[in-house]
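Please read the structure below before turning to the comments.
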Amino acid sequence: MSHPLQETASIEKWIDAPTRRVDAAGTTFVYRRLGPASGVPVILLNHWGAVLDNFDPRIVDGLAASRPVVAIDYRGVGASGGKAPLTVAEMAEDAIAVIRALGLEEVDLMGFSLGGFVAQDIVLKEPNLIRKLILAGTGPAGGKGIEQVGPASWPLIIKAMLTFRDPKYYLFFTSAANSRRAAKEFLERLKERKADRDKPIAMGAFLRQLKAIKAWGKQAPQDLTAIPKPVLVANGDQDLMVPSSNSIDLARRLPHAELVLYEDAGHGGIFQNHEAFVKKALAFLDA
C-alpha cells in the first residue's frame, strides 16, 4: 500500500496545501500536509475554536522548510465529520487514529493551547509513536486557572464583538503597542489563503470544546514524569487564557523539558515572536 504522505510531490507553502481527507475512528478527518516527503513529520494540533485556517502560516511554513508537516482538524471541527468530543482523552484517541491512518510510525507533536492538552494525552497513551513534543500556550491537567478559561474569555469575546474585532486580538495578545501590532499582523496572515478554505467552526462544537477544556482543568494531575521525551515548552509571560504559571509548572514536572517565555507577550506569544519561535523549534527538533 502506498504511503498517503508520499503520494504527492512536496508542497512548499501552507497557502498552497490542499485540504485532504482521511478515514479514521469511524469518521472522516480533514488535514493538510506540506514540506519534504521524508523526515519525521510534525503533527500540528490547534486551539479552542480553531479550524485549519487558524494555523499561523509563518510557523507552518517555517517548520515545513525542512520537515513534513501535517495539520489536522479535530472530530466535528471545520470540515471533519462527527461530533466534537467532550473530553481531551477522546481528542487524543482520534489524533492517534488519524496518525496511524496516515501510515505514520513516528512523529513529533506540536500542540498549541487545547492542542497542548491533547498532545500530552497522546504521548501518555502511545509513547512509542512520539519522538519529541512542543507544548505552546498550554498547561497540565488540573493546571491553575484552566477550568476558568471560559469565564476569563467571554468578556474579551464580547468586547471583540462590540469593537468589530477578531476575539484573538484581545485573547492572544497584550494591550502593549508592540503586541497589538503583532495581533494585527497575525490576523492578516490568517486571511492570506483565499481558495479551499476550511469550514468555520460551528457554535455547538465551540461550546463542546469549552466543556472539554473545563473538564481538563478539573481533572486530576497526570504523572508527567512518565513522559521521557524531549519537550519544548513555550508561551508568552502574560498569558491570560492558560496562565503562564502553567508553562513553568509543565517545564518543572517534565523530565526533559526546556522552557521559553516571551516577554511582553500573551497566550499567542509564539505568533507574536514567530521568527524567534520557528528558529527555536527547528533547533529543538534537529538536536
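The values are calculated or read from the model by the stated rules, or taken from the named source; none is laboratory data. Not measured: the values here are computed from a predicted model. Using ideal geometry, Cβ is built from the backbone for each residue, glycine included, and neighbour counts are taken over all protein chains shown.
Observations
- Condition check for R21: modelled with pLDDT of 95 or more, over 24 Å from A183 (Cα atoms), of a type in the set (D, E, K, R) and surrounded by fewer than 15 Cβ atoms within 10 Å (Cβ to Cβ): yes
- From the options G81, G39, residue that is part of a loop (DSSP other than H, G, I, E, B) and at positive phi: G39
- Meets criteria (in contact (Cβ under 8 Å) with a residue 60 or more places away in the chain, charged (D, E, K, R), surrounded by 14 or more Cβ atoms within 10 Å (Cβ to Cβ) and not in a loop (DSSP other than H, G, I, E, B)) for R193: no
- F186 being surrounded by 12 or more Cβ atoms within 10 Å (Cβ to Cβ), touching a His at 6+ places or on another chain (Cβ under 9 Å) and in a loop (DSSP other than H, G, I, E, B): no
- Region 204-223, subset among the polar types (S, T, N, Q) and more than 19 Å from the chain's Cα centre (by Cα), residue surrounded by the fewest Cβ atoms within 10 Å (Cβ to Cβ): Q222
- Odd one out for T163 among (1) of a type in the set (V, I, T); (2) crowded, with 16+ Cβ neighbours inside 10 Å; (3) out of contact with any strand residue (DSSP E or B) (no Cβ under 6 Å at 6 or more places or on another chain): (2)
- Wholly enclosed helices (runs of 4 or more DSSP H) of region 224-287 bearing at least 2 residues over 17 Å from the mean Cα position of the chain (by Cα) and either hydrophobic (A, V, I, L, M, F, W, C) or closer than 23 Å to Q148 by Cα (or both): 245-253, 274-286
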